[in-house]
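Here the structure comes first, spelled out in structure tokens, and everything after it is commentary.
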Amino acid sequence: MTLRTTLIAAAGAALVFAGVIAANGAPAPAPVDKAAVEKIVHDYLMAHPEILFDMQNELSARQDAADDKARNDALAKLGRGALTDPKVAYVAGPANAKVTVAEFFDYRCVHCKASLAGMRKAIEGGGANVRFAFIEFPILTADSVVAAKAAIAARRQPGKYVPFHLALMATAGDLPKERILSIAKSVGLDVAKLEKDMDDPAVTASIDAAHALAQKLHVDGTPTFVINNKFWVGELTDAKLQEMIKAAG
């Protein structure tokens with residue numbers, strides 16, 4: 001919000017307030033001089049410019065709260081099972097785990113990569129209490145889509161998805177197909193089979209299903225985590241992830 005916009009809004013509010021007073025039978029004040037009101041507001045804001053930051057922070061907080069409510073309402077309607085649908089996610093861990101950590105991610109997302117240390121630790125130490133739902137949500141680059149297709153195809157080779165996922169997420173920079181396949185080979189994937197499976201229309205359908213689910217849940221950025229019924233948008237540190245898992249369990 002610009003200073004001029006703020007001034008105009010404040011002046012308009014003053015004019016409306018004056019009109020309400022008159023409409024309710026109170027003694028009508030002297031005609032309002034819009035320029036004078038703008039000057040009063042201007043002078044006040046110049047003396048207290050920090051109010052603009054307070055206004056912006058309040059607006060952001062209200063928007064965040066509205067977004068969070070929309071996401072939670074949508075999840076309550078769909079049910080948490082939507083996050084572990086095999087058409088959308090690769091799920092690792094016990095089916096009866098008390099806590100499910102679902103993540104919408106993009107392999108070119110720096111914030112997803114910044115969350116890798118915490119996720120790796122949680123995966124390695126989750127035990128019987130935690131399961132993970134990996135949801136490919138490529139939204140950033142053409143490389144993102146190719147990497148997502150490769151990861152989804154890797155689900156068809158038992159025991160290879162999680163190592164491949166971690167290796168892709170740990171890789172900085174561009175991810176052309178040749179590099180993706182090299183990473184696949186390094187974790188023991190059958191590359192010829194992987195390439196063939198990447199071309200299966202079911203792989204693209206899985207990406208489409210993930211995008212459809214994200215839209216229903218009002219998810220529009222990566223990473224977005226859902227820990228049982230709690231959303232977290234943005235980077236997630238090891239300490240915060242462990243705190244959320246403990247609270248959910």
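The values are calculated or read from the model by the stated rules, or taken from the named source; none is laboratory data. These numbers come from a predicted model, not from an experiment. A quick note on method: Cβ atoms are made from the backbone with ideal geometry, for glycine too, and the neighbour counts reach across all protein chains shown. For accessibility, only protein heavy atoms count, side chains too; no ligands or nucleic acids. Shrake-Rupley method; radii C 1.70, N 1.55, O 1.52, S 1.80 Å.
Among the residues of segment 220-244, those that are assigned to a helix (DSSP H, G or I) and open to solvent by 40 Å² or more (accessible area, probe 1.4 Å) comprise Asp238, Ala239, Lys240, Gln242, Glu243. Taking segment 135-160 as the search range and keeping residues that are small (Gly, Ala, Ser) and not in a loop (DSSP other than H, G, I, E, B), which one is farthest from Tyr90 (Cα to Cα)? The selected residue is Ala142.
Taking helices (runs of 4 or more DSSP H) that do not extend beyond segment 41-134, which have at least 3 residues that are in contact with a strand residue (DSSP E or B) (Cβ under 9 Å, 6 or more places away or on another chain) and within 14 Å of Ile227 (Cα to Cα)? Can you show your working first?
Details: elements: 50-78, 110-114, 116-125.
Once the helices (runs of 4 or more DSSP H) in segment 41-134 are filtered for at least 3 residues that are in contact with a strand residue (DSSP E or B) (Cβ under 9 Å, 6 or more places away or on another chain) and within 14 Å of Ile227 (Cα to Cα), what remains is 50-78, 116-125.
Would it be correct to say that Gly173 is modelled with pLDDT under 95 and touching a helix residue (DSSP H, G or I) at 6+ places or on another chain (Cβ under 9 Å)? Yes.
Of all residues in segment 159-169, none satisfies being open to solvent by less than 50 Å² (accessible area, probe 1.4 Å), in contact with a strand residue (DSSP E or B) (Cβ under 6 Å, 6 or more places away or on another chain) and within 23 Å of His218 (Cα to Cα). Might you check whether a residue that is over 26 Å from Leu83 (Cα atoms) and open to solvent by less than 10 Å² (accessible area, probe 1.4 Å) occurs anywhere in segment 191-211? Within segment 191-211 (the criterion being over 26 Å from Leu83 (Cα atoms) and open to solvent by less than 10 Å² (accessible area, probe 1.4 Å)), the answer is no, since none of the residues qualifies. Screening Tyr44 with (1) modelled with pLDDT under 80; (2) of a type outside the set (D, E, K, R); (3) open to solvent by 50 Å² or more (accessible area, probe 1.4 Å); (4) out of contact with any helix residue (DSSP H, G or I) (no Cβ under 6 Å at 6 or more places or on another chain) gives one miss only, at (1).
Return yes or no: is Ala65 more than 24 Å from Ala148 (Cα to Cα), open to solvent by less than 50 Å² (accessible area, probe 1.4 Å) and at pLDDT below 95? No; evaluated as a whole, the condition is false for this residue.
On the given criteria, is Gly118 over 20 Å from Ala150 (Cβ atoms), at pLDDT below 85 and not hydroxyl-bearing (Ser, Thr, Tyr)? Write out each step before concluding.
Numbers: over 20 Å from Ala150 (Cβ atoms): yes; at pLDDT below 85: no; not hydroxyl-bearing (Ser, Thr, Tyr): yes.
When the stated conditions are applied, Gly118 does not pass them.
Given the residues Ala184, Ala148, Ala172, which is the only one that is open to solvent by less than 10 Å² (accessible area, probe 1.4 Å), touching a residue at least 40 places away in the same chain (Cβ under 8 Å) and either among the hydrophobic types (A, V, I, L, M, F, W, C) or in contact with a Leu (Cβ under 9 Å, 6 or more places away or on another chain) (or both)?
Working: Ala184 fails: touching a residue at least 40 places away in the same chain (Cβ under 8 Å); Ala172 fails: open to solvent by less than 10 Å² (accessible area, probe 1.4 Å).
On inspection, the qualifying residue turns out to be Ala148.
Name the helices (runs of 4 or more DSSP H) wholly within segment 161-219 that hold at least 2 residues that are basic (Lys, Arg) and under 14 Å from Ala151 (Cα atoms)? It would help to see each step written out before you state the result.
Numbers: elements: 161-169, 177-186, 191-198, 201-216.
Because the criterion is at least 2 residues that are basic (Lys, Arg) and under 14 Å from Ala151 (Cα atoms), the helices (runs of 4 or more DSSP H) in segment 161-219 that meet it are 177-186, 191-198.
Annotation: of all residues in segment 94-115 being open to solvent by 50 Å² or more (accessible area, probe 1.4 Å) and either at pLDDT 95 or above or among the charged types (D, E, K, R) (or both), the one that is farthest from Asp174 (Cα to Cα) is Lys98.
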